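Engineer: Quick one: the structure is below, and I'll ask about it shortly.
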Amino acid sequence: MAAAYRREIEAAEDPEAHRLAIEERLLRLRSPFRAAHRGDVIDLIDPRETRSLACRFVNLAQPKLRELAQRNKRAVRP
């Protein structure tokens, strides 16, 4: 990050404070809540719920995966 704003930071009266202000601004811009508000994110998952949601997904996907695994591997016979 510092390389992209190096000249701007060096030209500031207080380079360290300016660097911190830039970092804070960029952190706010990449917030998942901001992305969710814009509609870029379908759902925000609490990190404590990740394992249970992943397990639920795997359980839901298993029947389809079995079906796909049993299909003929070649669409055209050689």
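Engineer: Among the listed residues ASN72, ASN59, identify the single one that is at pLDDT 90 or above and either polar (S, T, N, Q) or touching a helix residue (DSSP H, G or I) at 6+ places or on another chain (Cβ under 8 Å) (or both).
Structural biologist: Being at pLDDT 90 or above and either polar (S, T, N, Q) or touching a helix residue (DSSP H, G or I) at 6+ places or on another chain (Cβ under 8 Å) (or both) holds for just one of ASN72, ASN59, which is ASN59.
Engineer: Give me the residue from the range 1-30 that is acidic (Asp, Glu) and part of a loop (DSSP other than H, G, I, E, B) and, out of that set, surrounded by the fewest Cβ atoms within 10 Å (Cβ to Cβ).
Structural biologist: Top of the filtered list is GLU13.
Engineer: I'd like to verify a number: residues in the range 45-74 that are assigned to a loop (DSSP other than H, G, I, E, B) and surrounded by 10 or more Cβ atoms within 10 Å (Cβ to Cβ), how many?
Structural biologist: Adding up the residues that qualify gives 1.
Engineer: In addition: Can you tell me how many residues in the range 19-51 are modelled with pLDDT of 90 or more and touching a Phe, Trp or Tyr at 6+ places or on another chain (Cβ under 8 Å)?
Structural biologist: Residues in the range 19-51 being modelled with pLDDT of 90 or more and touching a Phe, Trp or Tyr at 6+ places or on another chain (Cβ under 8 Å): 2 in total.
Engineer: Collect the residues in the range 31-44 that are part of a helix (DSSP H, G or I) and either at positive phi or over 13 Å from the mean Cα position of the chain (by Cα) (or both), keeping them in residue-number order.
Structural biologist: Of everything in the range 31-44, those that are part of a helix (DSSP H, G or I) and either at positive phi or over 13 Å from the mean Cα position of the chain (by Cα) (or both) turn out to be HIS37, ARG38.
Engineer: Continuing with the same structure: Which members of the range 32-44 meet the condition of being closer than 28 Å to TYR5 by Cα and either exposed (fewer than 11 other Cβ atoms within 10 Å of the Cβ) or aromatic (Phe, Trp, Tyr) (or both)?
Structural biologist: Within the range 32-44, PHE33, HIS37, ARG38, ASP40 meet the criteria.
The values are calculated or read from the model by the stated rules, or taken from the named source; none is laboratory data. All values derive from a computational prediction rather than experimental measurement. For neighbour counting, all protein chains shown are included, and Cβ atoms are generated from backbone atoms with ideal geometry for every residue, glycine included.
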